[in-house]
Amino acid sequence: MSRKTNDNARVSPGRLKRWWLMAGGGLLLALIGALIALYTSGQRTPIDPIAANPNRPRLVERADEPTVGPAEGSEAALKDGTILTRTDASPRDAARYEVTYHEIEQNFTANLADGSGFVQVGLSLATYFDRRAIANVERQIVPIRSAVLMVLSEQDSATLGTSLGKQRLQRQLTDAINRVLRDKEGFGGIDNVYFTSFVVQ
């Protein structure tokens, strides 16, 4: 009886071979699957949200020859840039890039902080970035006007009567406009603000 039990407990060599083949085949398939997953994950590049954004302004490279065409500032004169940067600050090597000037149509008038009168200025904005930077300015003109008026209302006549005072005001206005653009559009891009008219009374 014990001999019969031992005969039943033994596994035939054919069955054992099939079991090893199935286990080895499963292991091989798992290994191939892991290798394929590893290979394809290495091929995938993560999506760069900056590069993927088609509305992000780009720098405009300066042409070798000045272009003769529509007047600067007109819609047709606005260019498409090709150089994508991770920063919205003015480039260090500014001579490589085209500068575009955009005049804000209405003048700004504000009472002076010391109560001695008022200041009225016309502004033109300079940018090395393409038409998208100008489009951002036009889209956010209401908060930009508000920010400019607040900066103007903090000035006094004695400071604005000097060249250094006007230069300081330029920097303050540039910073204020870029803050609005970064807050509303995620991108500043204004290099400087220039006065097209300046009256203190």
Hits in the range 83-137 (condition: crowded, with 19+ Cβ neighbours inside 10 Å, part of a loop (DSSP other than H, G, I, E, B) and small (Gly, Ala, Ser)): 90
Scan (1) assigned to a strand (DSSP E or B); (2) touching a Lys or Arg at 6+ places or on another chain (Cβ under 7 Å) for the single condition residue 187 breaks and write down its number. (1)
Can you tell me how many residues in the range 178-198 are under 12 Å from the mean Cα position of the chain (by Cα) and more than 18 Å from residue 146 (Cα to Cα)? 3
Give the range 142-198 a look and list any residue that's modelled with pLDDT of 95 or more, among the aliphatic types (A, V, I, L, M), over 23 Å from residue 132 (Cα atoms) and surrounded by fewer than 16 Cβ atoms within 10 Å (Cβ to Cβ), or say none. 149, 150, 164
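The values are calculated or read from the model by the stated rules, or taken from the named source; none is laboratory data. Values in this document were obtained by computation on a predicted structure and should not be read as measured data. All Cβ positions, glycine included, derive from the backbone under ideal geometry; neighbour counts span all protein chains shown.
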